[in-house]
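Reading through the structure tokens given below for one structure.
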Amino acid sequence: MTETPYDDEGAFVPPTRFAVPGRIAVNNGAAALWQRALITEIRRETPAASTFRLKVPDWQGHLPGQHLMLRLTAADGYVAQRHYSIASAPDGSGEIELTLDHVPGGEVSGHLHTVARVGDTVEVRGPLSGFFAWPGDRPALLLGAGSGVVPLMSMVRHRRLAGLGLPLRLIVSARTPEDLIYADEYGEETTVVLTRSEGRLNAGHLASFLGDEGRPDGGWEAYICGSNGFAEHASRLLVEAGQPVDRIRIERFG
Amino acid sequence: MTSEPRTTPEAAFEPAEAHEPAEAYEASFELAEAFEPTRGFTGRARAADRDPRLPPGQYDARDGWPVLSAEVTPRLAAADWTFRVDGLVAAPRTWSWDEAHGLPSSEYRGDIHCVTSWSKFGVRFGGVSLDTFLAAARPLPGATHVVAYSHTGYTANLPLSDVTGGKAWIVWEYEDGPLPAEHGGPARLIVPHRYFWKSPKWVAGLRLLDRDEPGFWERNGYHHRGDPWAEERYAGD
């Protein structure tokens, strides 16, 4: 057994190649700060999911794929908080959008879906985590299921809004057409997999992107978001199709 | 993007609930003046029946055990698993699966806490105390911190004092069965008094250092220590 190495600056480097380094440096100041957010719009996306548009006056900007923490406070000081992915592209408007499922019995999502209305305030802190962020600098292969499409949609929207030319493919899985979030917004970059009628995501859906002809120069940065079951399945398909494990980023519900 | 934290009155305010025991009602009444509560939000669990095992800002995941690893779950056979302790130790060494199983067994029964807000009560993990491995490797006097790393390359940093004295284990059993791969099997580190990102799955080794070096999530905005009872989730908390 040999000693594991240190890098040029003397920092420890694990013996296996590092799984997935973060994509961006994280703004720790923004992460520490709770800010008031005003609900300016609520849109139903599917029977189970709605989009909440929030005005956050001091929002410092985010990258597609980042999330935030949202907190509700009762009159007596009781608080409940959860992480949610940001759905909107960074657009400098001072407003951001979240799309969330109404989780059965969910304390926070239940309130937002059944009690909250335009004009209410909540609190948010973020953006958080640089690991799942996509700065728009590498070709992106995005695989999402259910509301796992939310952070990926931020990437799709960012690419359109910023007029980025680099390759991006989105494969989105939903049970039925009624369960498909953002159904009207998908373009030719997107493949929809409706699992009830056509079965789950399979190698055939990926073959044209991961073969020698479909793979862009420099390869794909892959982002997977969904339930743990979907993430395990989708990541296995990617690895079997030759995608390097250190270029697969996974965000699982929970 | 600027990185200077600003301190507006709203931003500086932290409800007593977040840092004090749940019954701190007097302090929490100040909240209505300092921050307008969310209209119509009453909350599922009231302070009076909040489980005292629950750190601030956490909820009880009950039967659930979310999987949140950021990388592909490795297919690592027990026969291929090894655990190494090196760095600032007198006797660096590597244990195979069988060698590790030959050490005196030890278990953890208690609670675990994830930074994404769930906690899980009364779980059992079986394996070997990390103290047993460290006693064999004999840390040198200058060792103050460790980087725990995984067979995937994931890393987490911890003060040496956080993983000694009966506070950390290498485990391969969950409840009465083998630790499932998606939860870190064949073997993982657990450091249950810290948020669980400090407990690397598929653990491969521990390097002892004379300084603190951030690990994977710590470089991605998370807190260096990660004490759930102080709610140290993110850098700056």
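Computed from the coordinates by the stated procedures, all read-outs in this text should not be read as laboratory data. Here the structure is a predicted model, which means the values were calculated and not measured. Here Cβ is always computed from backbone atoms with ideal geometry, including for glycine, and neighbour counts include all displayed protein chains.
Observations, loosely collected:
- For peptide B:220-227, the mean count of partner chain Cβ atoms within 10 Å of a residue's Cβ comes to 5.
- 3J(HN,Hα) from dihedral phi, the stretch A:97-114, Karplus parametrisation 6.51/-1.76/1.60, rounded to Hz, x for glycine, proline: 10, 10, 10, 10, 6, 7, 6, x, x, x, 5, 8, 5, x, 5, 5, 7, 10
- Dipole size of the protein assembly as shown about its Cα centre, with +1 on Lys/Arg Cβ and -1 on Asp/Glu Cβ: approximately 600 debye, rounded to the nearest 20.
- A:ALA203/B:ARG39 FRET efficiency (R0 30 Å; Cβ-Cβ; nearest 0.05): 0.05
- The stretch A:140-252: C-alpha pair distances exceeding 25 Å, %: 14
- Set against the 2.2 N^0.38 Å expectation for a compact globular protein, the protein assembly as shown has a Cα radius of gyration ratio of 0.98.
- Within 10 Å of each Cβ in A:66-74, the average number of Cβ atoms from other chains: 5
- Inter-part distance where the stretch A:64-94 and the stretch B:158-237 are each reduced to a Cα centre, Å: 26
- Amide H contacts of B:SER106: B:GLY127, B:VAL128, B:SER129, each under 5 Å away and 5 or more positions distant or on a separate chain (H built 1.01 Å from N in the peptide plane; Pro and chain starts excluded).
- Options B:TYR222, A:GLY214, A:LEU166, ranked by Cα towards positive dipole end of the protein assembly as shown, top entry (Cβ charges): A:GLY214
- When Rg and the Kirkwood radius Rh are both evaluated on Cα atoms of the stretch B:78-230, their ratio Rg/Rh stands at 0.93.
- Nonlocal amide H pairs with A:SER173, under 5 Å, H built at 1.01 Å: A:GLY144, A:ALA145, A:GLY146, A:VAL193
- Set of lysines near B:LYS198 by C-alpha distance (under 28 Å), chain-local residues within fewer than 8 positions excluded: B:LYS120, B:LYS167
- Amide hydrogen proximity for B:ARG39: with H placed 1.01 Å from N in the peptide plane, the residues at 5 or more positions away or on another chain lying under 5 Å are A:THR121.
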